[in-house]
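Report on the following structure.
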Amino acid sequence: MAYNAGIPFSMSFMSPILKKSLLIVAGLLLAMLMAVWLSVKINAAEHAKLYAQAWSPSGKCVINTYAPAYGSGTVSNIVRSLSTQSFFRVYDKQGDMLESTEWVLDLHEDGLQDFARWGNERAIYPTDMGYEGWTLPQCA
């Protein structure tokens, strides 16, 4: 049997009202942080710069590479460090968006080093784990 010389952490010294208050404050802080992060991401996407584009061989669709405009400041720098350098959108000839990586959070797109392109009737874009893409029959 192991001897534990440390004092175990317990919240039993707090009243139930204090515990609930702390949980509410923590929840509100988390919600505020998420709202700020979301607003910076939306603003960066709205003001993103078109970096590169590639038309499908049929000329029916285009895949655009965008560089988000995060702006300056501490909050923007934090969001930039936790986000990708680029994102991709596929549009048809009429300008309707077909696909986007703008809100894909589990991939790190790397469109500033290597461009998105078309191959085998697929829109292909670079990530830090290789290449991903979409099969878009309407673009063939």
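Please treat every number below as a calculation from the coordinates, not as lab data. Quantities reported herein were computed from a predicted structural model and do not represent experimental measurements. Positions of Cβ are generated from backbone atoms using ideal geometry, with glycine treated the same way; all protein chains shown enter the neighbour counts.
Sparsely packed loop sites in segment 45-140 (the chymotrypsin sites (Phe, Trp or Tyr not before Pro) outside DSSP H, G, I, E and B with at most 16 other Cβ atoms within 10 Å) comprise Trp103.
How big is the Kirkwood radius of the chain, worked out from every pair of different alpha carbons and given in Å to one decimal?
18.2 Å is the Kirkwood radius here.
Extension gain, Asp128-Trp103: 0.36 nm per intervening residue step, less the Cα-Cα distance, totals 7.4 nm.
Placing +1 on the Cβ of every Lys and Arg and -1 on the Cβ of every Asp and Glu, with nothing else charged, gives segment 66-113 a dipole about its Cα centre of roughly 220 debye. Fewest-first ordering of Cys61, Cys139 by other beta carbons within 10 Å of each residue's beta carbon gives Cys61, Cys139.
Per-residue Cβ neighbour counts within 10 Å put Lys60, Lys20 in the sequence Lys20, Lys60, beginning with the fewest. Highest GNM mean-square fluctuation among Ala31, Ala69, Ala54, for the chain modelled with Cα contacts below 10 Å: Ala31.
Averaging the sequence gap over all C-alpha pairs within less than 8 Å and six or more residues apart, then dividing by the number of residues, gives segment 34-139 a relative contact order of 23 percent. To the nearest ten degrees, helix 16-46 and the longest principal axis of the Cα atoms of the chain are 20 degrees apart.
Using R₀ = 25 Å, calculate the FRET efficiency as 1/(1 + (r/R₀)^6) where r is the Cβ-Cβ separation of His47 and Gln138; round to 0.05.
Approximately 0.30, to the nearest 0.05.
Which one of Asp106, Asp92, Asp114 has the biggest mean-square fluctuation once the chain is modelled by GNM with Cα springs under 10 Å? Judging by the Gaussian network model, the answer is Asp106.
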